[in-house]
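Visitor: After the structure tokens below, expect a handful of questions from me.
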Amino acid sequence: MTEPFSVADSNDSSGFLFWRVSILWQRGIRNLLEPMELTHTQYVLLASLRWLDGACQADLVRHTGCDSMTTSAVARSLALQGRIDRQDDPIDRRAKLLRITAKGMALIDRAIPLVEAFDRQFFEERLGAGKGEFLQAMTVLAKAESIRG
């Protein structure tokens, strides 16, 4: 009996399958980053700061899609660990300017190639020629800010 579901099998549910793939990918990333004493969120923020060559905290929120409270908490943690500098913006005292320290740069420059290799293995080796279509679909989904039911 499938009531109240609209699909006969959970493998026909795009949301459920996305959840399963996300869990598998996140587990692999977590296992990769744990020996470096780096959480996935810390990695994303550090890699984004590396990509952006520093940023104000609000720009980092927009770039990563993380909520502002999480970004703020993780940035404070990274600053306490000496991985980033976090300072008040001289123009807007409410804003924070973030830059990677030498310690953070050494760590993220070690982590990025490992994560990229994992991504290649996880996605490209499994999807093959379908990877381009997958990226296009993910780009469409990532641009949707929210869908309200």
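The values are calculated or read from the model by the stated rules, or taken from the named source; none is laboratory data. This is a predicted model, so every value here is computed, not measured. Cβ sites come from the backbone with ideal geometry, for glycine too, and all protein chains shown count toward neighbours.
Visitor: On the given criteria, is residue 99 touching a Gly at 6+ places or on another chain (Cβ under 7 Å) and among the charged types (D, E, K, R)?
Guide: The answer is yes for residue 99.
Visitor: Sticking with this structure for a sec: In segment 81-115, which residues are at pLDDT 95 or above, of a type in the set (D, E, K, R) and exposed (fewer than 14 other Cβ atoms within 10 Å of the Cβ)?
Guide: Scanning segment 81-115 gives 103, 109, 110.
Visitor: Related question: Of all helices (runs of 4 or more DSSP H) completely enclosed by segment 33-106, which ones contain at least 2 residues that are touching a residue at least 40 places away in the same chain (Cβ under 8 Å) and under 17 Å from the mean Cα position of the chain (by Cα)?
Guide: Working: elements: 40-52, 57-64, 68-80.
In segment 33-106, the matching helices (runs of 4 or more DSSP H) lie at 40-52.
Visitor: Looking at the structure I just gave you, is residue 20 closer than 23 Å to residue 117 by Cα and crowded, with 16+ Cβ neighbours inside 10 Å? Let's see the steps before the verdict.
Guide: Numbers: closer than 23 Å to residue 117 by Cα: yes; crowded, with 16+ Cβ neighbours inside 10 Å: no.
Considered against the rule, which asks whether it is closer than 23 Å to residue 117 by Cα and crowded, with 16+ Cβ neighbours inside 10 Å, residue 20 comes out as no.
Visitor: Select from segment 116-125 the residues that are free of Cβ contacts under 8 Å to residues at least 40 places away in the same chain and surrounded by fewer than 17 Cβ atoms within 10 Å (Cβ to Cβ) and write down the one among them that is farthest from residue 138 (Cα to Cα). Break it down into steps so the answer makes sense when it comes.
Guide: Step one: filter segment 116-125 for residues free of Cβ contacts under 8 Å to residues at least 40 places away in the same chain, giving 116-117, 119-121, 123-125.
Restricting the remaining residues to those that are surrounded by fewer than 17 Cβ atoms within 10 Å (Cβ to Cβ) gives 116-117, 119-121, 124-125.
Values: 116: 17, 117: 19, 119: 14, 120: 16, 121: 18, 124: 14, 125: 17 Å.
So the residue we want is 117.
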